[in-house]
Amino acid sequence: MHYEDVMDKRPRAYAPYRTTLDERDLVRAAEELHENEDTRESSLALMREFIAKHPQIVRCRTDPVFLLRFLRYRKFNVNDACATLEGGLAFLMRMRTLYGAEVSSFHPNVQRMVELDAIVPLGQDRQRRTVILVRVGAMDPKETTALLQMRLGALVINTCLEYERTQVHGTVWVVDCSGMTMAHVGMWGLSEVKMMADSINEVVTMFVKEVHMVKVPRITWMLLDLLLPLLSPKIRDRFKFHRTEQELHSAIDQTLLPTTCGGQQSLKQATDNFRDMFEKQTKWFKLEEQFLMDLSIPAPGSSGSSARTAHRNEFPGEESMVGSFRKLTVD
């Protein structure tokens, strides 16, 4: 089967599942996610049937690794996994309508963001969780926007989720706020903050085990005071704050942290590794440019969960929000 065929919502044959997980990973998936050969095959079949029969879905990946990210995230509750897929596709369609070509992972502005090395996977810790570093100060507020920062985050997340181990064990985030200024805060309007919270809560199919905030200046709380209440309690409770790099070292393996954070890994090596990861998965990102959901067609059961999903993914216009950080005077 040619990999491009996985975009057909009703292919003549579906791609078979071939695991990339070892025994330790499979044990974890069974114990934590209720995954075994029986639940996997039957759940994949049900999700594929859902896609095939969904009147709004025109083109969508049906390969096992893509669908398993939803099933694993929802611990093999097929109804929840299908609702998350449906909501994610609707979210993407609305993003395209609102922001146009910049939603593409291959848009020049998004690719320039990649070159900043601002969000970089560092490798896996002893618990096999993928550790991801965010360097806020690396994103020049004169050269970027809140949307581009979110698109860079999405690119990194989706790259990592193409690897099954990340789907099973989840991630740990390290957010280095050193170098953050009022100009960084000023990029974020209230609608962008809500959009980010909605995507974290409802769209991103990645287990977030811990979020470590390092060197957080006071101005950062102007954003956090808005964002944190919008996040689910489970995610909100996983935020941890460290005043210094030394405090961070007690929580994160120093061999993974880059030397810029007082660790032992070369940041260049980590960024080279990430670029290699992205290049290996480029074919999937190019296919995902073809994702299509026709929102002009009434959603099945539109009075129920689908309607709620659609409403949740409609972003309020800036004019409908009270206030905006963009209205602050920034030197």
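Worth a mention:
- The single residue among Ala30, Ala90, Ala101 that is under 18 Å from the mean Cα position of the chain (by Cα) and either outside the structural domain of Gln167 (by the TED database) or not polar (S, T, N, Q) (or both) turns out to be Ala90.
To keep it simple, each residue is scored yes or no on (1) modelled with pLDDT under 95; (2) within 13 Å of Asp176 (Cβ to Cβ); (3) open to solvent by 40 Å² or more (accessible area, probe 1.4 Å); (4) assigned by the TED database to the domain that holds Met213.
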position	(1), (2), (3), (4)
Leu231	no, no, no, yes
Asp237	no, no, yes, yes
Phe241	no, yes, yes, yes
Glu247	yes, yes, yes, yes
Ser250	yes, no, yes, yes
Gln254	yes, no, yes, yes
Leu257	no, yes, no, yes
Gly262	yes, yes, no, yes
Phe274	no, no, no, yes
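- Within the option set Arg10, Arg24, being open to solvent by 100 Å² or more (accessible area, probe 1.4 Å), outside any loop (DSSP other than H, G, I, E, B), in the same structural domain as Asp80 (by the TED database) and out of contact with any Phe, Trp or Tyr (no Cβ under 7 Å at 6 or more places or on another chain) holds for one residue only, Arg24.
- Residues within segment 276-299 that are among the aromatic types (Phe, Trp, Tyr) and loosely packed, with under 15 Cβ neighbours inside 10 Å, tallied: 0
- Matching residues, segment 183-199, being of a type in the set (A, V, I, L, M), within 16 Å of Met139 (Cβ to Cβ) and open to solvent by 10 Å² or more (accessible area, probe 1.4 Å): Ala183, Met187, Met196
- Considered as a group, the residues in segment 197-213 that are touching a helix residue (DSSP H, G or I) at 6+ places or on another chain (Cβ under 8 Å) and among the acidic types (Asp, Glu) include one that is nearest to Gly170 (Cα to Cα), and that residue is Glu202.
- Helices (runs of 4 or more DSSP H) enclosed by segment 166-255 - at least 2 residues per element that are within 26 Å of Glu32 (Cα to Cα) and touching a residue at least 24 places away in the same chain (Cβ under 8 Å): 190-198
- Pairs where the first residue, in segment 56-79, is among the acidic types (Asp, Glu) and the second is part of a helix (DSSP H, G or I) and surrounded by 19 or more Cβ atoms within 10 Å (Cβ to Cβ), C-beta under 8 Å, 6+ apart: Asp63/Val6
- Number of residues in segment 15-33 that are touching a residue at least 24 places away in the same chain (Cβ under 8 Å) and farther than 23 Å from Arg61 by Cβ equals 3.
- Here the condition is being surrounded by fewer than 21 Cβ atoms within 10 Å (Cβ to Cβ) and in contact with a His (Cβ under 6 Å, 6 or more places away or on another chain); of Ala83, Ala101, Ala154, it holds for Ala101 alone.
The values are calculated or read from the model by the stated rules, or taken from the named source; none is laboratory data. Bear in mind the structure is a predicted one, so any value in this text is a computation, not a measurement. Cβ sites come from the backbone with ideal geometry, for glycine too, and all protein chains shown count toward neighbours. Only protein heavy atoms, including side chains, enter the accessible area calculation; ligands, DNA and RNA are left aside. Shrake-Rupley method; radii C 1.70, N 1.55, O 1.52, S 1.80 Å.
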